[in-house]
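Peer 1: What follows is a single structure, and I will ask about it in a moment.
The values are calculated or read from the model by the stated rules, or taken from the named source; none is laboratory data. As the structure is a computational prediction, the values presented were derived from the model and not from experiment. Heads up, the Cβs are rebuilt from the backbone with ideal geometry, glycines too, and the neighbour counts pull from every protein chain shown. Note: areas computed on protein heavy atoms with side chains; ligands, DNA, RNA excluded. Shrake-Rupley method; radii C 1.70, N 1.55, O 1.52, S 1.80 Å.
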Amino acid sequence: MSLLPLLNSRFAAALSAVGAPDAQPLVQAASRPEFGDYQMNGVMGAAKALKLNPRELAQKIIDAVDLAGIASTLEIAGPGFINIKLDNAYLAAYVETALKDEHLGVEQSPAQHVMVEYSSVNLAKEMHVGHLRSTIIGDALARVQSFVGMSVTRQNHVGDWGTQFGMLVAFLIEEQQSGNAELALKDLEGFYRRAKARFDEDENFANTARDYVVKLQGGDAEVNALWQRFVEVSLSHCNAVYQKLNVLLDDGDVRGESFYNNDLPIIVDELREQGLLVESEGAQVVFLDEFKNKDGEPQASIIQKKDGGYLYATTDLGAIRFRVRELKIDRCLYVVDARQALHFQQLFTIAKKAKFAPENVSLEHIAFGTMMGEDGKPFKTRSGDVVKLVDLLDEAQERAFALVSEKNPGLDEATRREIANAVGIGALKYADLSKSRTTDYIFNWNAMLSFEGNTAPYLQYAYTRVKSIFRKVSDYDQNAAIVLTEPAEHALALELARFSDVVHAVAKDSQPHLLCAYLYSVATMFSRFYENCPVNQDGVTNASRLKVCDLTAKVLAAGLNLLGIKVLEAM
RNA sequence: GCACCCGUAGCUCAGUUGGAUAGAGUAUCAGUUUCCGAAACUGAGGGUCACAGGUUCGAUUCCUGUCGGGUGCGCCA
């Protein structure tokens, strides 16, 4: 069992035994190392409820709690904290067990069907930096959910529908007629810009574009084929980015807005049948008392425009309905910019009221802040343009290549490229994932690639140091008992044993930065261990320590893999 | 106008359901290599947790107000 649930359950039993069955144990990792490994904070609250002296109650709990073989010391401190030091033999056994476990000790949850909606690009344009956070946060969360035993569906809810696609198809026809179509599609961004320019300046073209939207939605074969062609090209651009980013999304995860097109009239009907829909200023809307507009009146969510068209709220409702009824999801994580918070609050409220999703299905907006430039304003090029994502990734790899070449000029170029690609992308992703996602953060090339501090390169380096120990060892006794004696060994083993708790916290709260902080701590503990506890020296191998190293390498690799970051055998 | 997010060391950021003396990294300064990778490690200085009240054994955390920053609020997605 994971450490935290184990300690909490043992203390809960002890609290019951001393007459405080309703009190929470409130066990947490010790806030300071000198307090031990864990601390139990629940005594003060329980003592207050029972009108007892907290330190006396703490002593009773220590007498009652069954932590034989788990804790070596339990001490009362301050107003009534109980400080817990885990037994070295227990930690040694934990490491032993985790080493043999494919999940490295991470407890498996009862399988639920979890959907993670992320990336969700607009296929009309090329991916830009605005898509980075959703793509990498969502990917990490999907990996974490899988790792704790969930059945996971990744969903790339791409924008492949709406008025702009009529414009793009119309322009594609023009380009085909002049024989430039394939070439033009290679630069999707330019294609969009030129199509938009045509749309704005030429009334005839604009009318054609509008006409094509109608034909597209009406199922016209020729227009649909052109649309399909455009979507394929755009998705191939995305897939190239996903591969470079080491993100697991592929074509099988794509279910675009167009997929729900035929359901939209049904959504309107069902909302109307349930008495939720009202006509207002010609549009079909749902009024929600929970939300007020700027006049203090109930906020309207528009479901159908007065011209009969639908909006993205309608599509999102259709998606919820489909996911619940057809895909049987239990939980859906929407990894989307924080600026859409209100939209999701309204969406989820309507979905529950309309019974598109029952109460026990969890719909969660996993909001994130904006990536800022060093001036504290949204990240742009020097000239103020939006940065294409592929350009950002290329720059990360180029910068990493320059650094690797500086550090290791002796390596051949292909090797340096391979290292640089993993380091550059890893640094970029880690810099993002290691911040708490809800707030804006400032993007800084030097900080993320500095190879010092809480960065991906530091973690990747720590991994290569562990692996290099094994390269020095030809053979060792894999059945040797693990014996922990030094403080640095204890600290490292304790950190390794916390893996399960941390991964579960990330799965529950969708906060990848907790995993980053944890891995950084593992790497730090390993470095201290490495300085103080020789593993393989003067031809003598310490098999016990080597096994601790083995788990360290496995946890670092697994943890970084959950973040979508590659490890290297050498760098 | 209303709603949501935010304000913590020079800078970048943590701080888990309220817990002990508010922590990391970076930068600065000072150390460590006949020793498994120094892309490392050790140490030092650095704080009115925006401000003012309140709740309580205890508040960076919860509540109220003020100031400051960001975002959103009916026919785009």
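Peer 1: Rounded to the nearest 500, what is the 222 nm mean residue ellipticity of chain A from helices alone, with -39500 (n - 2.57) per DSSP H run of 4+ residues and division by all residues?
Peer 2: That comes out to -17000 deg cm²/dmol.
Peer 1: If you put +1 on each Lys and Arg Cβ and -1 on each Asp and Glu Cβ, how big is the dipole of the range A:3-86 around its Cα centre, in Debye rounded to 20?
Peer 2: Magnitude of the dipole: close to 160 debye.
Peer 1: Mean separation of Cα pairs under 8 Å and 6+ residues apart, divided by the residue count of the range A:3-86: what relative contact order is that in percent?
Peer 2: 30
Peer 1: Ranked highest first by the average count of other Cβ atoms within 10 Å around their residues, in what order do A:474-483, A:31-40 fall?
Peer 2: The most tightly packed comes first, giving A:31-40, A:474-483.
Peer 1: Mean 1/r over all different Cα pairs, inverted: what Kirkwood radius does chain A give, in Å?
Peer 2: Roughly 27.1 Å, rounded to one decimal.
Peer 1: With point charges of +1 on the Cβ of Lys and Arg and -1 on the Cβ of Asp and Glu, referenced to the Cα centre of chain A, which listed residue (A:Val555, A:Ala140, A:Gly42) lies farthest in the positive direction of the dipole?
Peer 2: It is A:Gly42, whose Cα lies furthest towards the positive end.
Peer 1: If all Cα-Cα distances of the range A:1-99 are sorted into 5 Å bins from 0 onward, what percent lands in each bin, rounded to whole numbers?
Peer 2: Result, from short to long distances: 3, 14, 25, 26, 17, 8, 4, 2, 1, 0 percent.
Peer 1: Spelling out what I want: for every residue of the range A:355-368, take phi, set θ = phi - 60°, compute 6.51 cos²θ - 1.76 cosθ + 1.60 (Karplus), and round to whole Hz; glycine and proline get x.
Peer 2: Computed from phi, the couplings for the range A:355-368 are 6, 5, 10, x, 4, 7, 8, 8, 10, 10, 8, 8, 7, 9 Hz.
Peer 1: Per-residue HN-Hα couplings for the range A:286-298, Karplus 6.51 cos²θ - 1.76 cosθ + 1.60 at θ = phi - 60°, whole Hz, x for Gly and Pro?
Peer 2: My calculation for the range A:286-298 gives 10, 8, 10, 5, 5, 10, 10, 8, 6, 9, x, 9, x Hz in order.
Peer 1: Can you give me the long-range amide H partners of A:Met115? Hydrogens built in the peptide plane at 1.01 Å from N, cutoff under 5 Å, separation of 5 or more residues or another chain.
Peer 2: So A:Met115 has HN proximity to A:Thr153, A:Asp330, A:Arg331, A:Cys332, A:Leu333.
Peer 1: Right, next: Compute the signed sum of charges (Lys and Arg +1, Asp and Glu -1) over the other residues within less than 14 Å, Cβ to Cβ, of A:Lys48.
Peer 2: So the surrounding residues net to 0.
Peer 1: Right, here's the next one. Heavy atoms only, 1.4 Å probe, whole protein assembly: order A:Lys294, A:Lys467 by accessible area, highest first.
Peer 2: A:Lys294, A:Lys467
Peer 1: Taking 0.36 nm per residue of sequence separation and subtracting the Cα-Cα distance, how much length would be gained by fully extending the chain between A:Asn360 and A:Ala341, in nm to one decimal?
Peer 2: 4.7 nm
Peer 1: Can I ask one more? Over chain A, what relative contact order in percent results from Cα pairs under 8 Å that are six or more residues apart?
Peer 2: It rounds to 15 percent for chain A.
Peer 1: Quick one: which residues, 5+ away or cross-chain, put their amide H under 5 Å from the amide H of A:Asp337? H built at 1.01 Å from N.
Peer 2: A:Phe368
Peer 1: Is any helix in chain A, taking whole DSSP H runs, at least 24 angstrom long along its axis by alpha carbon and on average at least -1.0 on the Kyte-Doolittle scale, and which ones?
Peer 2: Length and hydropathy pass: A:221-245, A:389-407, A:413-433, A:512-532, A:543-562.
Peer 1: Net charge around A:Gly564, counting only other residues with Cβ within less than 10 Å of its Cβ (Lys, Arg = +1; Asp, Glu = -1)?
Peer 2: Residues near A:Gly564 contribute +2 overall.
Peer 1: Amide H neighbours of A:Asp440 under 5 Å, at least 5 residues apart or on other chains, H built in the peptide plane: list them.
Peer 2: Placed amide hydrogens put A:Thr370 under 5 Å from A:Asp440.
Peer 1: Whole angstrom only: what separates the Cα centroid of the range A:432-485 from the Cα centroid of the range A:342-409?
Peer 2: That distance is 24 Å.
Peer 1: So for chain A, taking the charge dipole from beta-carbon charges (+1 Lys/Arg, -1 Asp/Glu), which of A:Tyr90, A:Thr315, A:Phe451 sits furthest toward the positive end?
Peer 2: The one lying farthest along the dipole's positive direction is A:Tyr90.
Peer 1: Another one. Can you give the FRET efficiency for A:Arg417 and A:Thr485, using 1/(1 + (r/R0)^6), R0 = 51 Å, r = Cβ-Cβ distance, to the nearest 0.05?
Peer 2: Once the sixth-power term is evaluated, E becomes 0.70.
Peer 1: Follow-up question, since we're still on this one. Which of A:Lys215/A:Lys353; A:Lys215/A:Lys352; A:Lys306/A:Lys353; A:Lys100/A:Lys435 have a Cα-Cα distance over 30 Å?
Peer 2: As for pairs spanning more than 30 Å Cα to Cα, those are A:Lys215/A:Lys353; A:Lys215/A:Lys352; A:Lys100/A:Lys435.
Peer 1: Still on this structure: Would you mind calculating the relative contact order of the range A:158-249 from Cα pairs under 8 angstrom and at least 6 residues apart, reporting the percent as a whole number?
Peer 2: Result for the range A:158-249 is 34 percent.
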